[in-house]
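Okay, so here's the structure we're looking at.
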Amino acid sequence: MIGRIIHWLSEHRSVNLALVVGYAVFIVFAHEWFVNLSVEVMNSLSLPVYNKVVASIAVVALLFVVYLMYRGFRQRTAIDKVGLGFLALTLVGLVIHFFVLTEMNIEFIHAIEFGLLAMLIYPLVGRFGGAIAFSLPVMLFDEWHQYQVLFDYVEYFELNDVVLDLLGAGLFVSLLKMFNQGVNSASTAFFQRAEVYLLLVLIIGVVAAMMFGWVVPYEETASENTWLVLNAIKEPHGFWRVHPLIGSTYHVLEPISGLIAVFAIGTIYLFMDSSKPAK
């Protein structure tokens, strides 16, 4: 079923592009509505119950992924080993994120949102890693929009969330790769891929912005030319931070290490297209 949808979208590129743009706009501009809804539900249930409900939904989703894998093995479906390897690495990354970087359980909706976006982008670009890379500008813009436009109480550019977005995209796309639910696109040399140049442009752009002082890691390094301060937390920069309202303990990625993590993860996923699908 998913394979047929992907092939149909790859043959109707104008429809595919419209869906990608429309869904990306929805992700960014419906965020405040989802946050308000989440807060209302949390207040009505109480925080402990709310966290258990969200965790239960995440466990059910994980079990569904395990079921799909089991079903594929039982039906002797050809399993792409590279896709399986990337899926395993992504699941490990999600577990680490949950115990180290996750502020609230509900944040795992990011993984679903951007997993779906990457799946929509995939028929357009025809490469698994490319679908993730082309999702990255939307991820970055979404976090900038929350930080600078939507919420005046947000104290830092949440690179934690961008990492989660990438892992969510990687989860969905690696499942497509593992079960060979892709399009038959022509093989392209690594340095001839548009997504490689996209990542290079983003990296060079960020480095240049920081060199000229337009983007700075902390408030103490800001100047009159500064456009964006990545971390404006007033408290001392320790490894663990305690959420002022809900009391959760989590690590806030430092601006430089967070940016390195984001671009490293995006680059690693590019190698998902380094092998031919299993037959």
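Collect the residues in segment 220-243 that are of a type outside the set (A, V, I, L, M), in contact with a Ser or Thr (Cβ under 9 Å, 6 or more places away or on another chain) and surrounded by fewer than 16 Cβ atoms within 10 Å (Cβ to Cβ), keeping them in residue-number order. Don't jump to the end; show me each part of the working.
Going residue by residue through segment 220-243, those that are of a type outside the set (A, V, I, L, M) are 220-221, 223-227, 231, 234-241, 243.
With in contact with a Ser or Thr (Cβ under 9 Å, 6 or more places away or on another chain) added as a condition, the list becomes 240-241, 243.
Once the filter is applied, which keeps residues that are of a type outside the set (A, V, I, L, M), in contact with a Ser or Thr (Cβ under 9 Å, 6 or more places away or on another chain) and surrounded by fewer than 16 Cβ atoms within 10 Å (Cβ to Cβ), segment 220-243 yields 240, 243.
Condition check ((1) farther than 22 Å from residue 150 by Cβ; (2) buried (at least 17 other Cβ atoms within 10 Å of the Cβ)) across all residues:
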| residue | (1), (2) |
| --- | --- |
| 37 | no, no |
| 41 | no, no |
| 45 | yes, no |
| 53 | yes, no |
| 85 | yes, no |
| 95 | yes, no |
| 99 | yes, no |
| 108 | no, yes |
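Could you list all residues from segment 234-279 that are among the aliphatic types (A, V, I, L, M), part of a loop (DSSP other than H, G, I, E, B) and either modelled with pLDDT of 90 or more or under 23 Å from residue 173 (Cα atoms) (or both)? Give the derivation first.
Step one: filter segment 234-279 for residues among the aliphatic types (A, V, I, L, M), giving 242, 245-246, 252-253, 256, 259-262, 264-265, 268, 270, 272, 278.
Right, trim to part of a loop (DSSP other than H, G, I, E, B) and you get 245-246, 252-253, 278.
Within segment 234-279, 252, 253, 278 qualify.
Which ones in segment 244-254 are open to solvent by less than 40 Å² (accessible area, probe 1.4 Å) and over 15 Å from residue 154 (Cα atoms)?
So the first thing to find is which residues in segment 244-254 are open to solvent by less than 40 Å² (accessible area, probe 1.4 Å), and the list is 248, 250-253.
The answer is 248, 250, 251.
Going by the conditions given, is residue 78 small (Gly, Ala, Ser), in contact (Cβ under 8 Å) with a residue 24 or more places away in the chain and in a loop (DSSP other than H, G, I, E, B)?
Numbers: small (Gly, Ala, Ser): yes; in contact (Cβ under 8 Å) with a residue 24 or more places away in the chain: yes; in a loop (DSSP other than H, G, I, E, B): yes.
Considered against the rule, which asks whether it is small (Gly, Ala, Ser), in contact (Cβ under 8 Å) with a residue 24 or more places away in the chain and in a loop (DSSP other than H, G, I, E, B), residue 78 comes out as yes.
Just one of the numbered conditions (1) in a helix (DSSP H, G or I); (2) crowded, with 18+ Cβ neighbours inside 10 Å; (3) out of contact with any Ser or Thr (no Cβ under 6 Å at 6 or more places or on another chain) is not true of residue 167; which one?
Only one criterion is unmet by residue 167, namely (3).
For segment 1-73, give me every one of the helices (runs of 4 or more DSSP H) that falls completely inside it and has 1 or more residues that are out of contact with any Cys (no Cβ under 8 Å at 6 or more places or on another chain) and over 30 Å from residue 186 (Cα atoms). Even if it seems obvious, please write down each step before you answer.
Numbers: elements: 2-11, 13-29, 31-45.
Here the list reads 13-29, 31-45.
Could you please give the count of residues in segment 186-213 that are in a loop (DSSP other than H, G, I, E, B) and surrounded by 14 or more Cβ atoms within 10 Å (Cβ to Cβ)?
3
Looking only at residues that are in contact with a Lys or Arg (Cβ under 9 Å, 6 or more places away or on another chain) and either open to solvent by 30 Å² or more (accessible area, probe 1.4 Å) or of a type in the set (Ser, Thr, Tyr) (or both) in segment 118-164, which one is nearest to residue 82 (Cα to Cα)? Lay out the reasoning, then the answer.
First, the residues of segment 118-164 that are in contact with a Lys or Arg (Cβ under 9 Å, 6 or more places away or on another chain): 123-125, 127-130, 133, 155.
Still in the running and either open to solvent by 30 Å² or more (accessible area, probe 1.4 Å) or of a type in the set (Ser, Thr, Tyr) (or both): 124-125, 127, 155.
Working: 124: 21, 125: 19, 127: 14, 155: 39 Å.
Among residues in segment 118-164 that are in contact with a Lys or Arg (Cβ under 9 Å, 6 or more places away or on another chain) and either open to solvent by 30 Å² or more (accessible area, probe 1.4 Å) or of a type in the set (Ser, Thr, Tyr) (or both), the one nearest to residue 82 (Cα to Cα) is 127.
The values are calculated or read from the model by the stated rules, or taken from the named source; none is laboratory data. These figures come from a predicted structure and were not determined experimentally. Neighbour counts are summed over all protein chains in view; Cβ atoms, including those assigned to glycine, are modelled from backbone coordinates with ideal geometry. The protein model used for the area step is the full one, side chains on, heavy atoms only, and it has no ligands, DNA or RNA in it. Shrake-Rupley method; radii C 1.70, N 1.55, O 1.52, S 1.80 Å.
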